[in-house]
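Below is one structure; the comments refer to it alone.
What follows is calculated from the coordinates using simple rules that are stated; it is not laboratory data. Please read these numbers as outputs of a predicted model, since none were measured by experiment. Cβ coordinates were reconstructed from backbone atoms using ideal geometry, including for glycine residues, and neighbour counts include every protein chain displayed.
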Amino acid sequence: MATVDKSSLKLPIENPEAQDFLPLLGTDYIELYVGNAKQSAYYYMAAWGFRPLAYAGLETGQKDKVSYVLQQDKIRLVLSSPLQSGGEINKHIDAHGDGVKVVALWVDNATKSHKETTTRGAKSYFEPKTLEDQHGKVVLSGIHTYGETVHVFVERGDYKGVFMPGFRKWDPFYKPAEVGLKYIDHIVGNVGWNEMNKWCQFYAKVMGFAQLVSFDDKDISTEYTALMSKVMSNGNGRIKFPINEPAEGRKKSQIEEYIDFYNGAGVQHMALATDNIIETVTALKNRGVEFLTVPASYYEDVLDRVGQIDEDLEPLRELGILIDRDDEGYLLQIFTKPILDRPTMFIEIIQRKGAKSFGKGNFKALFEAIEREQEARGTL
């Protein structure tokens, strides 16, 4: 069933300075425009443990594109490809390669959400519209954000079908086991030079977010590269959007590399939460997912820095999982190499043990690992 009770989801972050006038109940789905949705769906199923949920295409009366919907716990991915030449999806793929087009947000009232955001300055992507079938109705509306990324507001309280009208249940024989991914912890956007504050102000003014934390080039820098980042969050903490921009460095930063190959601003990575990062990462590695690695020396003094943890250090060391602590607890995190041919989007796996932060203590080791990959690609 499409209706997921995300209201039971208890995330550790609350942001009382945010206005929450929409309000946002959670992430409804992430839609990627891809060159071959059928093959991409197989990848996310086989490698990442997503389960088949719904399908739309020629067999459902959709003539211009095909979409496969995958789900794992509270995470939904929609993979869409064009069925004809020309058109919006083709242009998007030609410019950006495979990438995130839609970050869909679950709301009680999509019409109100559109009005609230557009009257505050958002550019409309599409006006509120109602989709109906025998299972009920879904109301959608959309606004533009950074680059060609859009937010679609999804109101599905009156719908009992598999995903939304226009889709049918997708039930193939092949259904690999899940890997323990639970929900989207945060979604990171990369924007151009001196654009971070502009988009942070957009989320504050247009959507009622407030800044949760910020990092400057002293926090996020190595010998060669640097970047700036601010984390915007809604009031209930279920939607967290870090926004990155490049900063001056001796060589080309990962943000500059992303913008060069993506041809503009876009979603850099999704952070997917798990309750057992050792089991999840072990399963992902066994399925062929490749992760960034840090030098063995990282683990020599990591417990001196972060203190006592519940996990044995050895499996964390073997898997390359990073550890950081804040005033509320600690977290465990690891980052994949780019999962696409272009060095653009990647995925973070995160397990929070009370921590509300984003791994500031790991930035130097992480970015040096990224630089080693950039050097191998010849883009540093």
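Overview of values
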| item | result |
| --- | --- |
| CD proxy at 222 nm, helix term only [per DSSP H run n ≥ 4: -39500 (n - 2.57); per residue of the chain; nearest 500] | -6500 deg cm²/dmol |
| Relative contact order, percent, the chain [alpha-carbon distance under 8 Å, six or more residues apart] | 17 |
| Cβ crowding within 10 Å averaged over residues, with 104-115, 302-313 ranked highest first | 104-115, 302-313 |
| Footprinting exposure proxy for 96, 135 (fewest neighbouring C-beta atoms within 10 Å first) | 135, 96 |
| Sum of side-chain charges, residue 95 neighbourhood, beta-carbon under 15 Å (Lys, Arg +1; Asp, Glu -1) | -3 |
| Neighbour-count order for 335, 21, 358, fewest beta carbons within 10 angstrom listed first | 21, 335, 358 |
| Residue 91-residue 276 FRET efficiency (beta carbon distance; Förster radius 30 Å; 0.05 resolution) | 0.15 |
| Cα gyration tensor category, rounded, prolate or oblate, for the range 16-130 with a/c compared to 1.5 | prolate |
| Over 27 Å between alpha carbons, listed pairs 63/285; 205/356; 65/137; 101/182; 182/337; 63/112 | 63/285; 63/112 |
| Descending Cα extents along the principal axes, the chain, whole Å | 60, 47, 41 |
| Distance histogram for the range 181-377 (every C-alpha pair counted, 5 angstrom bins, percent rounded to whole numbers) | 1, 7, 15, 21, 21, 18, 11, 5, 1, 0 |
